[in-house]
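The values are calculated or read from the model by the stated rules, or taken from the named source; none is laboratory data. Just so it is clear, the model here is predicted, and its values are computed rather than measured. Counting neighbours? That spans all protein chains shown, and the Cβs are built from the backbone with ideal geometry, glycine included. Only protein heavy atoms, including side chains, enter the accessible area calculation; ligands, DNA and RNA are left aside. Shrake-Rupley method; radii C 1.70, N 1.55, O 1.52, S 1.80 Å.
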Amino acid sequence: MSFLASYSMTDRFRQIAIVVMAVFGATPAVLAASSVSTDVVVVGATPGGIAAAIAAARLGHEVVLVEYQRHVGGMSASGLGKSDVQTHGAIQGIFREFIDLVHRYYVEKYGVDSQQVKDCREGYFYEPSVAEHIFEGMLGREKRITVLLGQRLEEAARHDRRVTAVSVMDRKTGRTRELRAQVFIDATYEGDLAAYAGAAYRLGREGRAEYDEAHAGVIYLDHTTRSFRPGSSGLGDDRLTAYTFRLCLSRDPVNSVPIGKPADYDRARYLGYFEDLRLGRLDSALKALSIAPLPNQKTDVNMKPWPLGFPFAEENQGYVEADWTEREKIIERIRNITLGLVYFLQHDQEIPTADQEAARAYGLAKDEFSDNGHFPWQLYVREARRIAGEYTLTEHDLVLAPESGRAPVHADAIATGEFPIDSFPTRQWEPGHNELEGYILMLKDITKPYQIPYRTMAPQAVDGLLVPVALSASHIAFSSLRMEPTWMTLGQAAGTAAHLALRDNAEVREVNVDAAYVAMQYYGTKGFFADYAARPRDVLARGQAAQWLLLALRAAGRSVSAEGIYPGGWKDLPSGSPHFAAAAALAAAGIVPPPQSHAEFRPNEPLIGEELRDWLAKTSWPASTENAAVAPVSWRYESGTSPSTPVTRGEFCRAAFAVLGNT
């Protein structure tokens with residue numbers, strides 16, 4: 001029996017300030033209608049939500065992107081001015097497009113040799129306003145995307161397990177609009193849509209015993225040695241890592257706004273920093289802040305989390321489950337604590353004079369956040385709800401597996417995580433402890449680039465919904481993957497999955513992927529790719545093809561070697577040159593002709609279709625070009641392709657996987 005479930009939050013998220021609704025890319029019909037039907041609805045114009053919307057739109061679908069704030073871009077456009085990427089090649093796709101556009105912006109505006117271009121570090125560092133400008137441009141170029149800003153999520157409707165609609169309210173006018181779609185994507189930091197839709201979720205920290213995670217639960221970790229300190233019980237609780245703001249401060253006197261004393265300033269909040277100075281934990285009071293330079297004499301200012309004086313832990317209690325009236329009160333309190341800390345460093349008479357003077361060199365950037373008192377509009381919600389998905393990522397997925405020497409492999413991996421396990425404190429300083437409880441500093445020695453499976457985005461028992469931001473992970477795993485670049489790749493995957501579901505009339509948790517995707521995922525674990533870019537549509541050269549086929553044969557358990565058999569080589573592929581060993585091994589197996597000094601292998605020329613078919617036929621026992629798996633129709637991207645057409649990297653993987661399998 002079917003039923004209609006409506007999870008209403010009409011008593012929550014009340015309007016608390018005069019704001020405006022901004023709309024771009026919207027058709028008059030969408031703006032006028034009280035009920036709108038579209039293909040995909042994305043809630044949350046965070047970087048992950050933006051990537052999801054763009055991916056779905058580029059694949060031909062109408063998308064409505066809804067955001068509570070008056071701006072797009074989430075933290076990346078609200079003070080988080082540096083992209084937290086340790087392994088640049090690991091994070092690509094729409095995120096890479098964003099980075100390249102940032103770099104181009106600075107080159108075109110200031111010149112390739114300018115200080116601004118140097119300070120943007122190839123596009124990975126940027127001013128908040130520039131990030132927002134780039135995001136707006138990316139969205140504006142997609143004519144299938146309608147962006148609605150200043151909207152508050154009111155409720156989600158379900159039919160049986162499937163989400164069918166959401167209702168949003170214009171925070172300025174109070175007008176409510178129903179948005180109906182076939183696929184919904186929750187890209188909010190808080191996981192609000194998932195909760196409204198009735199999805200199960202976690203809040204707080206798992207105990208060490210739940211997933212056998214070494215760093216789970218209550219933990220006191222020495223921030224210099226990363227060793228466990230007394231009191232590390234490993235017990236789970238409902239505590240959340242501290243929320244802060246990322247400030248954009250300016251060192252340019254012409255572009256600075258002085259920071260005044262907040263209305264609720266309380267000096268006592270910051271006295272713990274004197275203990276840090278006394279103990280030598282800080283050699284300067286200004287080091288209560290972590291300051292990274294940005295273009296145009298601006299800075300990305302984080303709140304350094306390991307000083308005992310760190311005042312932000314526990315200030316977010318109740319935020320996640322609160323209505324927006326209460327949330328805004330918590331946001332205001334954390335805003336004032338942030339401004340109060342900078343004011344304290346600049347003016348408190350007990351702060352060393354040199355430190356006061358150094359701190360007073362900074363002010364709020366005058367040309368940033370002009371509609372919000374030059375202060376960031378987005379609270380840094382590092383972790384909130386985490387859905388209970390079809391798979392839960394844990395600490396074990398982030399570290400090297402003893403049996404393989406690499407992070408675990410997932411057949412449905414759709415993104416790479418690579419930032420170290422890193423969690424802000426959950427408690428304020430407790431006398432008797434020399435570390436803040438819950439603080440885990442950058443476990444880069446154990447965290448390695450790892451795969452994030454698609455199943456983490458699919459909530460249990462709720463259909464038609466993907467959650468790429470508040471996804472299914474333990475607290476420890478989430479402390480690593482919670483980076484905007486990673487969320488952008490996950491969002492892009494969610495938007496692509498929405499397309500596949502719509503194309504095939506399938507449930508989003510069970511989408512059918514291209515055979516090349518499966519094959520390239522598999523062969524990527526067998527050494528096919530020298531970097532993170534699979535490039536499935538690029539033409540494959542014969543030398544590289546020989547190397548790949550040898551790896552594929554060995555992965556299938558075939559013992560293939562030419563060691564000592566051919567002392568010479570081909571005219572254009574002599575012994576000792578790249579790909580010679582692979583080509584010689586194929587020759588020893590009878591797949592290609594043996595090397596001769598007057599013959600050519602043509603390692604740099606494209607492999608063509610009839611050659612690949614012949615190679616694969618000779619890997620079969622008995623060899624047969626009639627093998628259905630060898631037939632080009634099973635692996636060519638385009639039907640009717642000529643046998644002389646070059647083979648792409650994706651086609652090679654599809655063909656080899658079809659013949660040799662995944663043994």
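For segment 169-299, what is the largest minus smallest coordinate of the Cα atoms on each principal axis, given in angstrom and ordered from greatest to least?
If we take the Cα atoms of segment 169-299, the spans are 58, 52, 32 Å.
Using only the Cα atoms, what convex hull volume per residue in Å³ does segment 439-493 have?
Convex hull volume per residue, Cα atoms: 91 Å³.
What are the principal axis extents of the Cα atoms in the chain, in Å, biggest first?
Largest first, the chain extends 85, 60, 55 Å along its Cα principal axes.
Considering only protein heavy atoms and a 1.4 Å probe, what is the carbon-and-sulfur percentage of the accessible area of segment 496-582?
50 percent
Using modelled backbone amide H atoms (1.01 Å from N, in-plane), which distant-in-sequence or interchain residues come within less than 5 Å of Tyr439's amide H?
Leu221, Thr426
Write down the percent of antiparallel bridges among all DSSP beta bridges whose residues are both part of the chain, to the nearest 5.
75 percent
Could you go through segment 187-202 in sequence order and give the Karplus-derived ³J(HN,Hα) for each residue, using 6.51 cos²θ - 1.76 cosθ + 1.60 with θ = phi - 60°, rounded to whole Hz, and x for Gly and Pro?
3J(HN,Hα) across segment 187-202, in whole Hz: 10, 6, 5, 8, x, 5, 4, 4, 5, 4, 7, x, 6, 6, 8, 10.
Return the aspartates and glutamates within reach of Lys618: Cα separation strictly under 16 angstrom, same-chain partners fewer than 8 residues apart disregarded; answer none if there are no such residues.
Excluding near neighbours in sequence, the set is Glu610, Glu626.
Taking amide H atoms as placed 1.01 Å from N in the peptide plane, list the residues 5 or more away in sequence, or in a different chain, whose amide H sits under 5 Å from that of Leu573.
Counting only residues 5 or more places away or on other chains, the set is Phe601.
Compute the acute angle (0 to 90°) between the alpha-carbon long axis of helix 515-524 and the principal axis of greatest extent of the alpha-carbon atoms of the chain; round to the nearest 10°.
Helix 515-524 sits at roughly 80 degrees to that axis.
Taking amide H atoms as placed 1.01 Å from N in the peptide plane, list the residues 5 or more away in sequence, or in a different chain, whose amide H sits under 5 Å from that of Thr146.
Long-range HN contacts for Thr146: Val63, Val64, Leu65.
In nm, to one decimal, how far is the Leu203 label point from the Ser114 one, both placed 7 Å along Cα→Cβ?
4.6 nm
Anything over 32 Å Cα to Cα? Flag those among Lys143/Lys304; Lys298/Lys444; Lys287/Lys448; Lys329/Lys444; Lys261/Lys448, in the order listed.
Lys143/Lys304; Lys329/Lys444; Lys261/Lys448
If you fit an axis through the alpha-carbon atoms of helix 47-58 and take the longest principal axis of the Cα set of the chain, what angle between them do you get, 0 to 90°, nearest 10?
Once rounded, one gets 40 degrees.
Measure nothing fancy, just the Cα-based angle from helix 542-555's long axis to the longest principal axis of the chain, in degrees from 0 to 90, nearest 10.
80 degrees
Rg (Å, one decimal) plus Dmax (Å, integer) for the alpha carbons of segment 458-613?
Using the Cα atoms of segment 458-613, the pair Rg, Dmax is 21.5, 65 Å.
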